[in-house]
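K.L.:
Structure incoming, see below.
The values are calculated or read from the model by the stated rules, or taken from the named source; none is laboratory data. Model, not experiment: these values are computed from the prediction. FYI the Cβ positions are ideal-geometry reconstructions off the backbone, even for glycines, and counts take in every protein chain you see.
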Amino acid sequence: DSGVTQTPKHLITATGQRVTLRCSPRSGDLSVYWYQQSLDQGLQFLIQYYNGEERAKGNILERFSAQQFPDLHSELNLSSLELGDSALYFCASSVKDGTHTQYFGPGTRLTVL
Amino acid sequence: AQSVTQLDSQVPVFEEAPVELRCNYSSSVSVYLFWYVQYPNQGLQLLLKYLSGSTLVESINGFEAEFNKSQTSFHLRKPSVHISDTAEYFCAVSESYIPTFGRGTSLIVHP
């Protein structure tokens with residue numbers, strides 16, 4: 001158990017819909033990262049938050065957005081969903097100890113029908 | 001810009017045989033290197049990492065990796081694999097706090 005929690009574990013929805021994925025980092029970790037894992041693209045970095053502020057952006061679509069709240073949990077919002085958005089979405093957290101080590105949650109499997 | 005190449009998408013081996021999973025990276029600066037393992041239906045877990053110092057790093061379950069700066073490689077090895085080592089293995093490189101992951105190597109251990 002990494003200490004990072006993600007809900008829900010599975011999500012099935014239809015094209016055009018909007019969903020919210022939730023992540024709670026390990027106790028004490030200020031950084032949260034979101035990744036998308038699919039068979040064709042591999043593990044892609046989406047976005048990073050540090051202590052409530054957006055720190056870095058990767059291959060995140062404009063239809064996707066995220067935020068980190070004062071209690072440090074984070075939400076990833078996916079809207080106008082397309083079939084190609086079906087993937088595993090992982091959240092990871094890290095502590096600012098200089099080691100760049102990330103701790104991953106169990107993931108949310110999103111299926112868009 | 002940093003990048004990672006995992007040369008094999010799938011490596012089948014028999015139980016108790018040795019295995020090497022290959023990883024090459026490119027980066028313009030000093031980097032940190034990682035191997036993560038993903039078991040079926042789970043998230044990634046850190047297996048081992050190279051930050052500095054000894055170029056040979058070991059994990060608690062018998063894996064080791066050697067940082068080779070001249071060949072820009074960080075290959076993962078285990079002298080004798082178990083069925084339970086069947087998983088997806090990801091090599092990652094980090095210049096900053098955003099790592100770049102390879103496409104992964106599926107290690108399949110047959111009895």
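K.L.:
Does any residue of the range B:9-20 turn out to be without any contact (Cβ under 8 Å) to a residue 24 or more places away in the chain and crowded, with 20+ Cβ neighbours inside 10 Å?
P.N.:
no
K.L.:
Being surrounded by fewer than 20 Cβ atoms within 10 Å (Cβ to Cβ), more than 10 Å from the chain's Cα centre (by Cα) and among the hydroxyl-bearing types (Ser, Thr, Tyr): is that true of A:SER80 here?
P.N.:
Considered against the rule, which asks whether it is surrounded by fewer than 20 Cβ atoms within 10 Å (Cβ to Cβ), more than 10 Å from the chain's Cα centre (by Cα) and among the hydroxyl-bearing types (Ser, Thr, Tyr), A:SER80 comes out as yes.
K.L.:
Against the conditions (1) out of contact with any Pro (no Cβ under 9 Å at 6 or more places or on another chain); (2) under 25 Å from B:GLU95 (Cβ atoms); (3) of a type in the set (A, V, I, L, M, F, W, C); (4) at pLDDT 95 or above, where does A:LEU30 fall short? Just the number, please.
P.N.:
With (1) out of contact with any Pro (no Cβ under 9 Å at 6 or more places or on another chain); (2) under 25 Å from B:GLU95 (Cβ atoms); (3) of a type in the set (A, V, I, L, M, F, W, C); (4) at pLDDT 95 or above applied to A:LEU30, the lone miss is (4).
K.L.:
While we're looking at this one, here's another question. Please specify each residue of the range B:33-82 satisfying the condition of being crowded, with 18+ Cβ neighbours inside 10 Å, without any contact (Cβ under 8 Å) to a residue 40 or more places away in the chain and of a type in the set (D, E, K, R).
P.N.:
Scanning the range B:33-82 gives a single hit, B:LYS49.
K.L.:
While we're here: Provide a single number: the residues in the range A:2-38 that are of a type in the set (D, E, K, R) and in a strand (DSSP E or B).
P.N.:
Looking only at that region, the number is 1.
K.L.:
How many residues does the range A:89-110 contain that are surrounded by 17 or more Cβ atoms within 10 Å (Cβ to Cβ) and either touching a helix residue (DSSP H, G or I) at 6+ places or on another chain (Cβ under 6 Å) or over 14 Å from A:THR5 (Cα atoms) (or both)?
P.N.:
3
K.L.:
Does B:TYR39 satisfy being within 10 Å of chain A (Cβ to nearest Cβ) and either among the hydroxyl-bearing types (Ser, Thr, Tyr) or closer than 22 Å to A:GLN102 by Cβ (or both)?
P.N.:
For B:TYR39, the condition - within 10 Å of chain A (Cβ to nearest Cβ) and either among the hydroxyl-bearing types (Ser, Thr, Tyr) or closer than 22 Å to A:GLN102 by Cβ (or both) - is not met.
Okay, residues lined up against (1) among the charged types (D, E, K, R); (2) over 19 Å from B:GLN42 (Cβ atoms); (3) within 14 Å of chain A (Cβ to nearest Cβ); (4) touching a His at 6+ places or on another chain (Cβ under 7 Å):
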| site | (1), (2), (3), (4) |
| --- | --- |
| B:SER59 | no, no, yes, no |
| B:PHE63 | no, no, no, no |
| B:GLU66 | yes, yes, no, yes |
| B:LYS69 | yes, yes, no, no |
| B:SER80 | no, yes, no, no |
| B:PHE90 | no, no, yes, no |
| B:GLU95 | yes, yes, yes, no |
| B:PHE101 | no, no, yes, no |
| B:HIS110 | no, yes, no, no |
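K.L.:
Kindly evaluate B:TYR25 against the criterion of being surrounded by 15 or more Cβ atoms within 10 Å (Cβ to Cβ), of a type in the set (Phe, Trp, Tyr), out of contact with any Ser or Thr (no Cβ under 8 Å at 6 or more places or on another chain) and at pLDDT 85 or above.
P.N.:
Answer is no for this residue.
K.L.:
Any chance you could count how many residues in the range B:35-65 are within 28 Å of A:TRP34 (Cβ to Cβ) and part of a loop (DSSP other than H, G, I, E, B)?
P.N.:
So the answer is 8.
K.L.:
How about the range A:39-113: which strands (runs of 3 or more DSSP E) wholly inside it have at least 1 residues that are among the hydrophobic types (A, V, I, L, M, F, W, C) and facing chain B (nearest Cβ under 9 Å)?
P.N.:
It comes to A:42-50, A:53-57, A:87-94.
K.L.:
Here is a follow-up. If a residue has to be in contact with a Cys (Cβ under 9 Å, 6 or more places away or on another chain), in a loop (DSSP other than H, G, I, E, B) and within 14 Å of another protein chain (Cβ to nearest Cβ) to count, how many in the range B:1-34 make the cut?
P.N.:
Final tally of qualifying residues: 0.
K.L.:
Output the residues belonging to the range A:31-64 that are over 24 Å from B:GLY102 (Cβ atoms) and either buried (at least 21 other Cβ atoms within 10 Å of the Cβ) or out of contact with any strand residue (DSSP E or B) (no Cβ under 6 Å at 6 or more places or on another chain) (or both).
P.N.:
A:TYR49, A:ASN51, A:GLU53, A:GLU54, A:GLU62, A:ARG63 - these are the residues of the range A:31-64 that are over 24 Å from B:GLY102 (Cβ atoms) and either buried (at least 21 other Cβ atoms within 10 Å of the Cβ) or out of contact with any strand residue (DSSP E or B) (no Cβ under 6 Å at 6 or more places or on another chain) (or both).
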